[in-house]
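Trainee: Once you've had a glance at the structure underneath, I'll fire off some questions.
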Amino acid sequence: MSVSGVRFAGTRSVLVELSDLDSVLALSALLKATPLPGQVDVLAAASTLFIKADCAANARAIAGTVRSLELGSAPANAGSLVEVPVHYDGEDLAEVAELTGLSVEGVINAHSSQTWRAAFGGFAPGFAYLLGENQQLHVPRRATPRKVVPSGAVALAGDYSAVYPRQSPGGWQLVGHTDAVLWDLDRANPALIRPQDRVRFVPSRTSLSLGTRPEPAASPAPVAGNLLEVINPGLQSLIQDSGRPGYGDLGVSAAGFADSGSATQANRLVGNRPGNAVIENLMGRITLRAHGDAVLAVSGAGARIHIDPVDGDDFHTEREIPMDTPFALLDGEVLKLTPARNGLRSYLAVRGGIDVPTVLGSRSTDSMSGIGPAPLAAGTLLPVGAIHGAHVVGNPEPSTLPVPDAHGVYTLRVVAGPRDDWFGDAGLDRLTGQTWKVSPDTNRVGVRLALGEDAAPLERIRTGELASEGVAVGSLQVPPSGLPVLFLADHPVTGGYPVIAGVIAEDIGAAAQLPPGSSIRFELLTAPATGTPTDEGNLA
């Protein structure tokens, strides 16, 4: 058992290639028992281990250290047997039969007659990669991922089977569905299937359920303290903080601020800590009422900030507030944001922070998994945190939004890898040598790119399937269509398409602020000043 290669993924992550799954599990166990300096998260996959670091310098150090570690043996199989009832009615069942040369009944028999091993987690909370006893059902992923795969879908890809715990995008072949609840935060262990468990799929003709699938709970209405009342949440308003790193092995994304620069700025202006919870608002439209005096600031996407005084208040008048400036919102006053200028996401911070309950250590809403507070709705009451110690309110600051060039094109800086060898130098030249468009299908999971004028899709120079492996925020993952997807805060923790390059950490916030129709060019960085170990390259 040994490390066969080390590749850098973006500026702060390392992809370690190993000889077999047992080596992956052994290294994972070692790093979880004895973390390396700066290690934030470790995610096992079929033949790789993905290690996230807190900065580029520690990522370089981890890359150098991991080669010399003594791996030992993989942990003993201590899992349980889990039976999952399945209705074999998937949209791709006939296609799977054609791909495998089996009949539809043969596919069902092959799937349900073998025991599957939960090798590792990933992609989404409760999603387990189940390795079969044979390769009878080896099938490729779909050429173009579905934008929506229903909750409970039972699927195949490569040598693996899995169950989608909730509705999400996905590229696996669907063969059926189950009523089993794969992820439930009310259980002692939220995941129904854990790494090392054995799974048997049982054909079912009746509607069986292992429990009621929980809906995200609304924030409880507080009874004391200062509050912000949501009158109109706009298109989408979410609670976000600095996220919940460290749960990748459970399939839980870090989530958090899509544009950390703008969110941190808003917190700084009102005197909060950088990671305090704020409201992340899409397109700068929201209406709030203050219950108790508060100090707020709005940064990020441009918005017109208007305050209406309390009816009958002769001492205060309606007023307009500039962006990126702290301001007072007095008891009973109404704050209205309406869109103005550029950007996609506005961040509204309040002195003391939004004090909703934490889930897995964070107040962030993960739009892909449903973990965290529910999206804000009319009538939601948001508690404002108590102020302890010094909360020095800041001075007005310039906007953090990205600025396009004279032709209206935004530049995002990238570093190659970890799978640029699937596209070669010609692929990197095409990625960086043409203009891309932000498609309408953009959200907190990722930005789907479309072709700009005279542009062409990326082409692979390798055939076959890439085993699922860890991916980082900022990754440019390329499905067979050749149109990259730029992962944002709520991205799946693993992916099965090659990542040609990664947007550097400093530009991820800019990517999150580009509305549909925006033009993008990627600039490939090679200088060590970027914080990327380019002098060593991607060590194969």
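The values are calculated or read from the model by the stated rules, or taken from the named source; none is laboratory data. What you see is a predicted model; the values in this text were computed from it and never measured. Every residue, glycine among them, receives a Cβ derived from its backbone with ideal geometry; neighbour counts consider all protein chains shown.
Trainee: Go through the stretch 343-396 residue by residue and tally those that are over 19 Å from Leu282 (Cβ atoms) and outside any loop (DSSP other than H, G, I, E, B).
Mentor: 5
Yes/no per residue for (1) of a type outside the set (S, T, N, Q); (2) assigned by TED's automatic domain parsing to the domain that holds Val478; (3) under 28 Å from Gly248 (Cβ atoms); (4) part of a loop (DSSP other than H, G, I, E, B):
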residue	(1), (2), (3), (4)
Val86	yes, no, yes, no
Val96	yes, no, no, no
Leu102	yes, no, no, yes
His111	yes, no, yes, no
Ala118	yes, no, yes, no
Gly121	yes, no, yes, no
Tyr129	yes, no, yes, no
Glu133	yes, no, yes, yes
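Trainee: Next question. Would you check if there is a residue in the stretch 272-281 being assigned by TED's automatic domain parsing to the domain that holds Arg363, under 23 Å from Gly225 (Cβ atoms) and acidic (Asp, Glu)?
Mentor: yes
Trainee: Inside the stretch 80-105, can you point out the residues that are more than 20 Å from Thr178 (Cα to Cα) and loosely packed, with under 15 Cβ neighbours inside 10 Å?
Mentor: Correct list: Glu98, Gly101, Ser103.
Trainee: Output the residues belonging to the stretch 135-185 that are assigned to a loop (DSSP other than H, G, I, E, B), buried (at least 21 other Cβ atoms within 10 Å of the Cβ) and among the β-branched types (Val, Ile, Thr).
Mentor: Thr178, Val181
Trainee: Another one. Only one residue in Ile286, Ile279, Ile307 is of a type in the set (A, V, I, L, M) and farther than 19 Å from Thr365 by Cβ, so which one is that?
Mentor: On the way: Ile286 fails: farther than 19 Å from Thr365 by Cβ; Ile279 fails: farther than 19 Å from Thr365 by Cβ.
Result: Ile307 is the single residue among Ile286, Ile279, Ile307 that is of a type in the set (A, V, I, L, M) and farther than 19 Å from Thr365 by Cβ.
Listed here are the residues, each with its yes/no results for (1) among the polar types (S, T, N, Q); (2) part of a loop (DSSP other than H, G, I, E, B).
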site	(1), (2)
Val252	no, yes
Leu269	no, no
Asn276	yes, yes
Asn281	yes, no
Gly284	no, yes
Arg289	no, no
Val295	no, no
Ser299	yes, no
His306	no, no
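Trainee: Check Leu476, Leu483 and return the single one that is at pLDDT 95 or above, crowded, with 17+ Cβ neighbours inside 10 Å and either touching a helix residue (DSSP H, G or I) at 6+ places or on another chain (Cβ under 7 Å) or not in a strand (DSSP E or B) (or both).
Mentor: Values: Leu476 fails: either touching a helix residue (DSSP H, G or I) at 6+ places or on another chain (Cβ under 7 Å) or not in a strand (DSSP E or B) (or both).
Criteria check complete, one pass: Leu483.
Trainee: Just checking, which of Pro402, Pro396 is crowded, with 20+ Cβ neighbours inside 10 Å, outside the structural domain of Leu335 (by TED's automatic domain parsing) and touching a residue at least 40 places away in the same chain (Cβ under 8 Å)? Steps first, please.
Mentor: Details: Pro396 fails: crowded, with 20+ Cβ neighbours inside 10 Å.
So the residue among Pro402, Pro396 that is crowded, with 20+ Cβ neighbours inside 10 Å, outside the structural domain of Leu335 (by TED's automatic domain parsing) and touching a residue at least 40 places away in the same chain (Cβ under 8 Å) is Pro402.
Trainee: Which condition does Pro309 not pass, out of (1) within 22 Å of Val384 (Cα to Cα); (2) in contact (Cβ under 8 Å) with a residue 40 or more places away in the chain, if it passes all the others?
Mentor: So Pro309 meets the others, but not (2).
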